[in-house]
Structure formats: C-alpha cells, structure tokens
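These notes are about the structure you will find just below.
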Amino acid sequence: MMRFSVSTQGFYPDTIDYGSTLPADVVPITDEQYSTFLKALNMTQNTFVRVYSDAGVLTISEYRPTPYHTWDDQNNKWVINDEGLKSQKVDQVQFAAQMKAELMTGATKQIDPLQDAVDLDMATDEEKMQLTAWRKYRVLLNRVDASAAPDITWPSIPV
C-alpha cells in the first residue's frame, strides 16, 4: 500500500520502514489516487499543482496561475505575495525594455533605407510618407517608459 504526505508532497511505500522520519500527516491512498497524484505532481513547473486535504479528502489544486504564485497552506490556494509581485514586476520591466530595444532596432532598419532614398534625392512620395511615419513612430517608441510595465501603451507600428 502507498501512503501520501501533504506537507512533503511525497509518497511513502509501506514496504519501507521510515522509523521516526515518516511525516506525521502521512495517510494511506489507493492505487488510483497514487496514479492520479503522481501524474499531477510530475507536471512541468508551468502547470504546477498541489495535493491538499480538504476536510480530510485529498484533492488536487488548480494549476498554479503564474510562476510568481506560491501555495498558501492555511487556505489551500495559490497566492501571490509581495516577493512574488516584486519578481513579476522586475520581469515585466525587463521584458518591456527588451521589447522596446527590439522595436527601436526594427524601426531603425525601416528608416535607414528610406532616409537613404531621401538623402540621394531618389525617394518617391510614398517613401517620403513612410519615412515620416517611421520617424514619428521611433520618437514615440523612444518615449515609452519600460519601468511602467505592464501598464504601457505601445505606439502603433506604421503600415
């Protein structure tokens, strides 16, 4: 027979003598529960779950909403604490800064040949309009404050 501990999220075969190291909350589980819990607990971090006791019945939690959430043992639910919020904000700001840099590079790649055409007095009216639109876009993009992530209104890319 297999046993399960909510506190360690671990399985304990009854064929092994754990002595005093066996967690106090170990309860026997059926083969079906073992299979179900093992499968649920072996999912990737992106779909992480917990097994918890709900009025004495072992239950699989909902998936962890984000990697920033932690399990609240008292209330048997996923929560995001101050540390998680800080980590999330840092990642959002880094992502926004990276995105801004990539968009600026892309805008410059669009502007350079258009500017060449203007400088060489070879630009069509359409190219001149595109150049103006891309330069305005790059100015607006440069004004984006990545530290405001995730609350950023990105300028529209010219078409």
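The values are calculated or read from the model by the stated rules, or taken from the named source; none is laboratory data. Computed from a predicted model, the values in this text were never measured in an experiment. Here the Cβ is made from the backbone with ideal geometry for all residues, glycine too, and neighbour counts use every protein chain on show.
Considering only region 5-47, state which residues are of a type in the set (A, V, I, L, M, F, W, C) and either in contact with an Asp or Glu (Cβ under 9 Å, 6 or more places away or on another chain) or outside the structural domain of Leu58 (by TED's automatic domain parsing) (or both). Walk me through it before giving the result.
Pass one, region 5-47, residues of a type in the set (A, V, I, L, M, F, W, C): 6, 11, 16, 22, 24, 26-27, 29, 37-38, 40-41, 43.
Scanning region 5-47 gives a single hit, Val6.
Say we look at region 14-33 and pick out the residues that are assigned to a loop (DSSP other than H, G, I, E, B) and not aliphatic (A, V, I, L, M); which of these is nearest to Tyr52 (Cα to Cα)? Steps first, please.
To start, the set of residues in region 14-33 that are assigned to a loop (DSSP other than H, G, I, E, B) comprises 14-18, 22-26, 30.
Then drop every residue that is not not aliphatic (A, V, I, L, M), which leaves 14-15, 17-18, 23, 25, 30.
On the way: Asp14: 20, Thr15: 24, Asp17: 24, Tyr18: 22, Pro23: 15, Asp25: 11, Thr30: 16 Å.
If we take residues in region 14-33 being assigned to a loop (DSSP other than H, G, I, E, B) and not aliphatic (A, V, I, L, M), then Asp25 is nearest to Tyr52 (Cα to Cα).
Please work out which one of (1) over 27 Å from Ala148 (Cβ atoms); (2) among the β-branched types (Val, Ile, Thr); (3) in contact with an Asp or Glu (Cβ under 7 Å, 6 or more places away or on another chain) is the condition Val79 fails and give its number.
Condition not satisfied by Val79: (1).
Among the listed residues Arg50, Arg64, identify the single one that is under 30 Å from Ile152 (Cα atoms) and touching a residue at least 12 places away in the same chain (Cβ under 8 Å). I'd like the intermediate steps shown before the answer.
Values: Arg50 fails: under 30 Å from Ile152 (Cα atoms).
When all the criteria are applied, what remains is Arg64.
Given the options Asp82, Asp17, Asp73, name the one that is acidic (Asp, Glu), over 26 Å from the mean Cα position of the chain (by Cα) and loosely packed, with under 13 Cβ neighbours inside 10 Å. Steps first, please.
Working: Asp82 fails: over 26 Å from the mean Cα position of the chain (by Cα); Asp73 fails: over 26 Å from the mean Cα position of the chain (by Cα).
Only one candidate qualifies: Asp17.
For every residue, the table says whether it meets (1) at pLDDT 95 or above; (2) surrounded by 15 or more Cβ atoms within 10 Å (Cβ to Cβ).
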residue	(1), (2)
Val26	yes, yes
Asp31	yes, no
Ala40	no, yes
Val51	yes, yes
Gly56	no, no
Gln92	yes, yes
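State whether one or more residues within region 121-128 are surrounded by 13 or more Cβ atoms within 10 Å (Cβ to Cβ), part of a helix (DSSP H, G or I) and at pLDDT 95 or above.
Going through region 121-128, the residues surrounded by 13 or more Cβ atoms within 10 Å (Cβ to Cβ) turn out to be 123, 127-128.
Pick out the ones that are also part of a helix (DSSP H, G or I) and you get 127-128.
Pick out the ones that are also at pLDDT 95 or above and you get 127-128.
Yes, because at least one residue in region 121-128 is surrounded by 13 or more Cβ atoms within 10 Å (Cβ to Cβ), part of a helix (DSSP H, G or I) and at pLDDT 95 or above.
Considering each residue of region 8-38, count those that are touching a Pro at 6+ places or on another chain (Cβ under 9 Å) and not β-branched (Val, Ile, Thr), and give that number.
Step one: of region 8-38, the residues touching a Pro at 6+ places or on another chain (Cβ under 9 Å) are 8, 10, 12, 14.
Next, from what is left, pick out any that are not β-branched (Val, Ile, Thr): 10, 12, 14.
The qualifying residues number 3.
Provide a single number: the residues in region 94-116 that are farther than 24 Å from Ile152 by Cβ and surrounded by 16 or more Cβ atoms within 10 Å (Cβ to Cβ). Walk me through it before giving the result.
Of all residues in region 94-116, those farther than 24 Å from Ile152 by Cβ come to 112-116.
Still in the list and also surrounded by 16 or more Cβ atoms within 10 Å (Cβ to Cβ): 114-115.
Counting residues in region 94-116 that are farther than 24 Å from Ile152 by Cβ and surrounded by 16 or more Cβ atoms within 10 Å (Cβ to Cβ) gives 2.
Of the conditions (1) loosely packed, with under 12 Cβ neighbours inside 10 Å; (2) in the same structural domain as Lys39 (by TED's automatic domain parsing), Tyr63 satisfies every one except a single condition; which number is it?
(1)
Restricting to region 44-87, and then to whatever is among the basic types (Lys, Arg) and assigned to a loop (DSSP other than H, G, I, E, B), can you tell me which residue is nearest to Ile29 (Cα to Cα)? Break it down stepwise before answering.
Filtering region 44-87 for residues among the basic types (Lys, Arg) gives 50, 64, 77, 86.
From the residues that got through so far, the ones that are assigned to a loop (DSSP other than H, G, I, E, B) too are 50, 64.
Working: Arg50: 16, Arg64: 24 Å.
Ranking the qualifying residues of region 44-87, first place goes to Arg50.
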